[in-house]
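The values are calculated or read from the model by the stated rules, or taken from the named source; none is laboratory data. Keep in mind that this is a model prediction, so the values were computed, not measured. Cβ sites come from the backbone with ideal geometry, for glycine too, and all protein chains shown count toward neighbours.
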Amino acid sequence: MSAPFKKLALIGIGLIGSSIALAARRQGLADVIAISTRKAETLDEARELGLGDIYTLDAADAVRGADLVILCTPVGAYESVMRAIAPALEKGAILSDVGSVKGHVVKVLAPLVPEGVHLIPGHPIAGTEHSGPSAGFAELFAGRWCVLTPGAEVDPAQTERLAGFWRAMGSQVETMDAAHHDMVLAITSHIPHLVAYNIVGTVADLEAATQSEVIKFSASGFRDFTRIAASDPVMWRDVFLTNRDAVLEMLGRFSEDLSVLQRAVRTGDGPALETMFTRTRAIRRSIISAGQETAAPDFGRPHEATPAPVSPVILREHGGGDDA
Ligand code: NAP
């Protein structure tokens, strides 16, 4: 049986690009996988990992003859990548991406898309704090959502073709308007990252003695912010540069709510704090029931077995305890 796509071209081969390469290969979604990236050493790494069939530093070369092209670079690189590949895109090809913002992507890509190429932007809501070709794994998209934001002019059959590609990699697919995507993602992803960058940044500015105490006692909450704040700086710079309006809108609401909490703390308003914390606990429960998080305590981190309690008899035999 032939694969759904004859040639898949991945431009950018970091965490997301390499995960697509591995999942597409495992599921037999393309006869040929072509990989292109900016740096020779990154391309060599991808080749050593065996992520594709064709490796090239020339993005136009990679997309030539491809019926599915997915941009997997930081969003800030899209315009220059698109200028390089546009003349080589094949009529009838689907051009997609995985960028974390969508309105800006449409604004940059749409004017450069050649006649007959179907632009269907996408965003897999899946990731980790790791980057580069070796960070990818085939299961990254399993059980996660992928949002597609086709414009009104796109043939629904082409959107369905791309949706089928993501479903085959384990994703659930939803289509929506690019502006709506950006507003939803501003609060579910972009603001949480900004808050994490801010809280970890505050610690970085503390004097050395306090900082070492924060690190020592980090398991009390701070540690979980550091995972998010360790995300790729270039990718996240681009997210905030390109989703400015939605982020500022949601940040306004966030600041208002923070002031309400600040007031409750200052005035010792216990009932207000308890009501708020009860509502937020319910949201975590609903994320677990939706299968988007593990119910295991502490995010399912493995914990070393606690040493068995030492009985007084053993203590006595070893000369320990009160009798010693
Ligand atoms: P990554 O691991 O840092 O990989 C980025 C890739 O893009 C690398 O192969 C890099 O290669 C290449 N690249 C960077 N600048 C380039 C340029 N100017 N021209 C050509 N290639 C270039 O990043 P990632 O996490 O996979 O993110 C890629 C995209 O996925 C971003 O748009 C991001 O918004 C989106 N996304 C990320 C996540 C996440 O959790 N990480 C989740 C969903 C969506 P070189 O080493 O050759 O520069």
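Quick notes
- Comparison of 115, 41, 129, 79 shows that the only residue that is under 22 Å from residue 149 (Cβ atoms), surrounded by fewer than 17 Cβ atoms within 10 Å (Cβ to Cβ), within 12 Å of the ligand (Cβ to nearest atom) and of a type outside the set (Val, Ile, Thr) is 79.
- Where helices (runs of 4 or more DSSP H) sit wholly within the stretch 22-138, those with at least 2 residues that are within 26 Å of residue 237 (Cα to Cα) occupy 40-48, 78-85, 103-109.
- Checking each residue in the stretch 23-38 for being more than 11 Å from the ligand (Cβ to nearest atom) and either surrounded by 20 or more Cβ atoms within 10 Å (Cβ to Cβ) or not assigned by TED's automatic domain parsing to the domain that holds residue 74 (or both) picks out 23, 24, 29, 30, 33, 34.
- Residue check: residue 170 meets all listed conditions (1) surrounded by 16 or more Cβ atoms within 10 Å (Cβ to Cβ); (2) assigned to a helix (DSSP H, G or I) but one, namely (2).
- If the condition is being surrounded by 20 or more Cβ atoms within 10 Å (Cβ to Cβ) and farther than 11 Å from residue 182 by Cβ, then the stretch 85-112 contributes 85, 89, 93, 94, 95, 96, 97, 98, 109.
- Selection within the stretch 239-269 - of a type outside the set (Gly, Ala, Ser) and either more than 22 Å from the chain's Cα centre (by Cα) or in the same structural domain as residue 75 (by TED's automatic domain parsing) (or both): 253, 256, 257, 258, 260, 261, 262, 263, 265, 266, 267, 269
- Taking the conditions (1) within 22 Å of residue 15 (Cβ to Cβ); (2) over 16 Å from the mean Cα position of the chain (by Cα) in turn, residue 177 satisfies each one other than (1).
- The residues in the stretch 82-101 that are within 13 Å of the ligand (Cβ to nearest atom) and not polar (S, T, N, Q) can be counted, and the count is 8.
- So residue 104, is it closer than 30 Å to residue 258 by Cα and not assigned by TED's automatic domain parsing to the domain that holds residue 50: no
- The residue pairs whose first member lies in the stretch 9-35 and is farther than 18 Å from residue 94 by Cα, whose second member is within 13 Å of the ligand (Cβ to nearest atom) and assigned to a helix (DSSP H, G or I), and whose beta carbons are closer than 6 Å, counting only pairs six or more residues apart or on different chains, are 13/46; 13/133; 15/135; 18/133.
- The residues on offer are 138, 178, 142, 196, and the sole one that is hydrophobic (A, V, I, L, M, F, W, C) and under 18 Å from residue 95 (Cβ atoms) is 178.
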